[in-house]
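Chemist: Can you keep this structure in mind? I'll have questions shortly.
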Amino acid sequence: MNAFTHRNGVLHAENVSVEELAGRYGTPLYVYSRNHLRAQYRALADAMREVAPLICYSVKANSNAAVMRTFLEEGAGLDIVSGGELFRGLRAGADPGRIVFAGVGKTRDEIVYALREGIRFFTVESEPEAERISRCAAETGTTGRIAFRVNPDVDPRTHKYISTGKKENKFGLDPARAARAYAWAAGLPGIEIAGLHMHIGSQILSAEPFAAALGRVAGLCAELRDRHATFRALDIGGGIGIRYSPDAVPLAPGDFARAVTPTLRALGLDVVLEPGRFLVGNAGILVCRVQYIKENAVKKFVIADAAMNDLIRPSLYEAYHEITAVRARGGTIKGDLVGPVCESGDFLAVERDLPAVAEGDLLAVRSAGAYGFAMSSNYNSRPRAAEVMVEDDRAELVRARETWEDLVRGEV
Ligand code: LLP
């Protein structure tokens, strides 16, 4: 579904006018569609139904409680990467038994917190991490269930900053080393071998790297399954790419499923998925208001009230986000859409045919639901944007706009 369409010339989020939302809540404003979130979750669950996976929503993509709750109501678990995400997930009502904890740098405090809460398993990135979990489990009288993260060394053909399953990346252990790590870790006190994890990268647009990666770990999984009675989970991570530009071809959940289900079914393990972007990316837009239009000798700049601190993906990855006029005037302006931040790298679109706009007009930056608000900051002492959830013809504020007072809270 596309939750953001023009009706009578005005962009709507489901049945709510984005113009009205901007008037009511101000700009910059993140707007999410609950029905889009649900539709994405259901499409993936349906495509993968043969192996009935536990879909652990990757909280880092968008950690707003209203977003998490929408998936929790659908039966999702959570994929977390910090104590903060565990805190937020539990507060949103997640069952700890459906939470998996990833990341190369888990601290002692984070591990103890997760052990006490009884999470499903830790995805473990190194031997010293397994040792630390073992010590924390002994101290707290709990059991640390672990799944080593295996780095299968496949190229996911995505941006180098979001590729994680190549041997030069910091993530996981190569398959041979992982095999030795399992044999060793099985003898550690307080450790239970729960499964195997991999995650090869993000915004992957073809099913082939997923199939290749799975092929490289399938043999090891079969051996581990036969050796350890408690080895029951195969977590294949996230990474399913979405459409950012109108002419791009996204990875359909059906194609993803066809590439991975035969191997998964043959292994007979409990399948875990960790999708983030696929679930939320196209369920959100960032709405901003044009402040000025400026022209120099070589270029036109549309200057909006949203900036790199609100959405850093264009600056950080040269990511493309489609820009739409909230009220279409017709025609285009060629130029850059930039924000007020004092950096030449502060842009939302570069050398684009932007919709023709005038001062005061609203623009929507599409596909901003994943890694949008979640990566936003207070740079240039800019309060972070408000977030609104729309469902059918209702809209509710799900995070208030920060104030100037919020900027100095905690300063002593
Ligand atoms: N699981 C693990 C262990 C991960 O590290 C990630 C993302 C995911 C799951 C979810 O991946 P997804 O399904 O969303 O592709 N900030 C970047 C993306 C960084 C992804 C980091 N890890 C961006 O804006 O493109």
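Chemist: Tell me, in nm to one decimal, what length is gained between Asn169 and Asp155 on full extension, where the rule is 0.36 nm per residue of separation less the Cα-Cα distance? Please report the intermediate quantities before stating the final value.
Modeler: Working: separation 14, 0.36 × 14 = 5.04 nm, distance 1.10 nm.
Fully extending the segment from Asn169 to Asp155 adds 3.9 nm.
Chemist: A further question on this structure: Just to check I understand the Karplus step: with θ = phi - 60° and J = 6.51 cos²θ - 1.76 cosθ + 1.60, what whole-Hz values come out for region 213-227, glycine and proline as x?
Modeler: Using θ = phi - 60°, the values come out as 5, 5, x, 6, 10, 4, x, 4, 4, 4, 4, 5, 4, 6, 7 Hz.
Chemist: Take every Cα pair under 8 Å in region 11-101 that's 6+ residues apart, average their separations, divide by the length, and report that relative contact order as a whole percent. Can you show the working numbers first?
Modeler: Numbers: 87 pairs, mean separation 21.7, N = 91.
Answer for region 11-101 is 24 percent.
Chemist: Oh, and also: Per 0.36 nm of contour for each residue apart, how much would the distance between Glu396 and Glu50 grow if the chain were fully extended, relative to their Cα-Cα spacing? Each step should come with its number before you reach the end.
Modeler: Numbers: separation 346, 0.36 × 346 = 124.56 nm, distance 3.62 nm.
Stretched out fully, the Glu396 to Glu50 stretch lengthens by 120.9 nm.
Chemist: Here's another thing I want to ask about it. Going highest first, how would you order 38-48, 113-123 by mean Cβ packing within 10 Å? Before the final figure, lay out the partial values.
Modeler: On the way: 38-48: 17.9, 113-123: 21.7.
In descending order of packing, they fall as 113-123, 38-48.
Chemist: From Cα pairs below 8 angstrom and at least 6 apart in sequence, can you work out the relative contact order of region 150-268, rounded to a whole percent?
Modeler: Details: 175 pairs, mean separation 33.0, N = 119.
Result for region 150-268 is 28 percent.
Chemist: Trypsin sites (Lys or Arg not before Pro), restricted to region 267-353: which are DSSP loop and have at most 15 other Cβ atoms within 10 Å?
Modeler: Values: sites: Arg277, Arg289, Lys294, Lys299, Lys300, Arg327, Arg329, Lys334, Arg352; in loops: Lys299, Arg329.
When the trypsin sites (Lys or Arg not before Pro) of region 267-353 are filtered for loop state and at most 15 Cβ neighbours within 10 Å, Lys299, Arg329 remain.
Chemist: How far apart, in nanometres, would the label points at Ala186 and Tyr317 be if each is projected 7 angstrom from Cα along the Cα-to-Cβ direction?
Modeler: Distance between label points: 3.8 nm.
Chemist: Follow-up. Quick one: net charge of Val338's neighbours, Cβ under 13 Å, K/R +1, D/E -1? Working shown, then result.
Modeler: On the way: positive: Lys294, Lys299, Lys300, Arg352; negative: Glu295, Asp305, Asp310, Asp336, Glu343, Asp346, Glu351.
Once positives and negatives cancel, what remains is -3.
Chemist: If the chain between Glu139 and Ala252 were fully stretched, how many nm would it gain, using 0.36 nm times the residue separation less the Cα-Cα distance?
Modeler: Working: separation 113, 0.36 × 113 = 40.68 nm, distance 4.58 nm.
Residue separation times 0.36 nm, minus the Cα-Cα distance, leaves 36.1 nm.
Chemist: Step through the table entries Lys60/Lys300; Lys106/Lys160; Lys60/Lys167; Lys166/Lys334; Lys60/Lys166; Lys106/Lys167, compare each Cα-Cα distance with 31 Å, and write down the pairs that go over it. Please list the in-between numbers first.
Modeler: Numbers: Lys60/Lys300 35 Å; Lys106/Lys160 23 Å; Lys60/Lys167 23 Å; Lys166/Lys334 38 Å; Lys60/Lys166 21 Å; Lys106/Lys167 21 Å.
Table pairs above 31 Å Cα-Cα are Lys60/Lys300; Lys166/Lys334.
Chemist: Rounded, prolate or oblate, given the Cα gyration tensor of region 103-273, with a/c below 1.5 counting as rounded?
Modeler: Numbers: a/c = 2.07, a/b = 1.65, b/c = 1.25.
Prolate.
Chemist: Only four residue types carry charge here, +1 at the Cβ of Lys and Arg and -1 at the Cβ of Asp and Glu. Report the dipole size of region 1-81 about the Cα centre in Debye, rounded to the nearest 20. Mind dumping the intermediate values first?
Modeler: On the way: 8 positive and 8 negative charges, 16 e Å.
That gives a dipole near 80 debye.
Chemist: Further question: What is the sum of charges, Lys and Arg at +1 and Asp and Glu at -1, for the other residues whose Cβ falls under 11 Å from the Cβ of Arg42?
Modeler: Working: positive: Arg38, Arg49; negative: Asp46, Glu74.
Local charge sum for Arg42: 0.
Chemist: Roughly how big is region 103-273's charge dipole about its Cα centre, with Cβ charges of +1 (Lys, Arg) and -1 (Asp, Glu), in debye to the nearest 20?
Modeler: Charge dipole of region 103-273: 60 debye, to the nearest 20.
Chemist: On to the next question. Could you tell me how many degrees, from 0 to 90 and to the nearest 10, lie between the Cα long axis of helix 253-267 and the main elongation axis, the longest principal axis, of the Cα atoms of the chain?
Modeler: Helix 253-267 sits roughly 10 degrees off the main axis of the chain.
Chemist: Arrange Tyr292, Tyr182, Tyr244, Tyr379 by Cβ neighbour counts within 10 Å, fewest through most, would you? Show your work: numbers first, answer last.
Modeler: Numbers: Tyr292 11, Tyr182 23, Tyr244 19, Tyr379 15.
Ascending Cβ contact count within 10 Å gives the list Tyr292, Tyr379, Tyr244, Tyr182.
Chemist: Still on this structure, please answer the following. Using a 10 Å cut-off around each Cβ, can you sort Ser33, Ser82, Ser163 from fewest to most neighbouring Cβ atoms?
Modeler: Numbers: Ser33 28, Ser82 18, Ser163 22.
Starting with the residue having the fewest Cβ neighbours, the order is Ser82, Ser163, Ser33.
Chemist: Could you state the number of Å between the C-alpha centres of region 322-380 and region 113-185?
Modeler: Between the Cα centres of region 113-185 and region 322-380 lies a distance of 39 Å.
Chemist: Still on this structure, please answer the following. For a quick protection proxy, order the peptides 268-275, 356-363 by their average other-Cβ count within 10 Å, most packed first. Please list the in-between numbers first.
Modeler: Numbers: 268-275: 22.1, 356-363: 16.8.
Descending packing order for the listed peptides: 268-275, 356-363.
Chemist: Quick one: 3J(HN,Hα) in Hz for region 320-337, Karplus 6.51/-1.76/1.60 with θ = phi - 60°, rounded, Gly and Pro as x.
Modeler: 8, 10, 5, 10, 10, 6, 5, 10, 5, 9, x, x, 9, 10, 8, x, 10, 9
Chemist: Farthest toward the dipole's positive end in the chain, which of Met308, Leu173, Pro383, given Cβ charges of +1 (Lys, Arg) and -1 (Asp, Glu) about the Cα centre?
Modeler: Going by the Cα projections, it comes out as Leu173.
Chemist: Right, something else. So what does the Cα-only Debye profile of the chain read at q = 0.08, 0.10, 0.11, 0.12 Å⁻¹, as log10 I(q)/I(0), no solvent term?
Modeler: Debye curve over Cα of the chain, log10 I(q)/I(0) at q = 0.08, 0.10, 0.11, 0.12 Å⁻¹: -0.45, -0.69, -0.83, -0.96.
Chemist: Name the aspartates and glutamates eligible as straight-distance cross-link partners of Lys170: C-alpha to C-alpha under 15 Å, and not fewer than 8 places from it in the same chain.
Modeler: Glu125, Glu127, Glu129, Asp153, Asp155
Chemist: Okay, moving on. Can you tell me the orientation of helix 34-47 relative to the chain, as the angle in degrees between its alpha-carbon axis and the longest Cα principal axis, to the nearest 10?
Modeler: Helix 34-47 sits at roughly 40 degrees to that axis.
Chemist: Which angle between 0 and 90 degrees, to the nearest 10, do you get for helix 175-185 versus the longest principal axis of the chain when only C-alpha atoms count?
Modeler: Taking Cα atoms only, the helix is inclined about 60 degrees.
Read the figures in this text as sums done on the coordinates, not as results from a lab. Since the structure is predicted, the reported quantities are computational estimates derived from the model, not experimental observations. Every residue, glycine among them, receives a Cβ derived from its backbone with ideal geometry; neighbour counts consider all protein chains shown.
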